[in-house]
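See below for the structure under consideration.
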Amino acid sequence: MALVSLVVGVALIALVAFALVGLSARNQPATVGRRGLSPAAGTAVAGLCLAASALIVGYGLYVIVS
């Protein structure tokens, strides 16, 4: 059980970190030949990562309450 908690904790932190990276793509000026995420893709990645984080937290609360 402790191993599952450790893995889920690390996964949750990684998802939030990827969401922050995705949101940071919105603040960079568009330059020719720039590599990385476009603002639209960054927003989509951030939304998906935050939604997955919310689902993990919600499931954890469900397990605690039930």
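Descriptive notes on the structure:
- Residue pairs meeting the criteria (Cβ under 6 Å; at least 6 apart or on separate chains; first closer than 14 Å to residue 12 by Cβ, in region 44-66; second open to solvent by less than 100 Å² (accessible area, probe 1.4 Å)): 49/15; 49/19; 50/19; 52/15; 53/12; 53/15; 53/16; 56/12
- One residue stands out in region 1-14 among those that are loosely packed, with under 10 Cβ neighbours inside 10 Å and part of a helix (DSSP H, G or I): the one that is modelled with the highest pLDDT, namely 3.
- Among the candidates 25, 44, 51, 17, residue that is farther than 22 Å from residue 7 by Cβ, open to solvent by less than 90 Å² (accessible area, probe 1.4 Å) and at pLDDT 85 or above: 44
The values are calculated or read from the model by the stated rules, or taken from the named source; none is laboratory data. Given the structure is predicted, the values throughout are model-derived calculations rather than measurements. For neighbour counting, all protein chains shown are included, and Cβ atoms are generated from backbone atoms with ideal geometry for every residue, glycine included. For the accessible areas, the whole protein counts, side chains as well, though only heavy atoms, and no ligand, DNA or RNA atoms are used. Shrake-Rupley method; radii C 1.70, N 1.55, O 1.52, S 1.80 Å.
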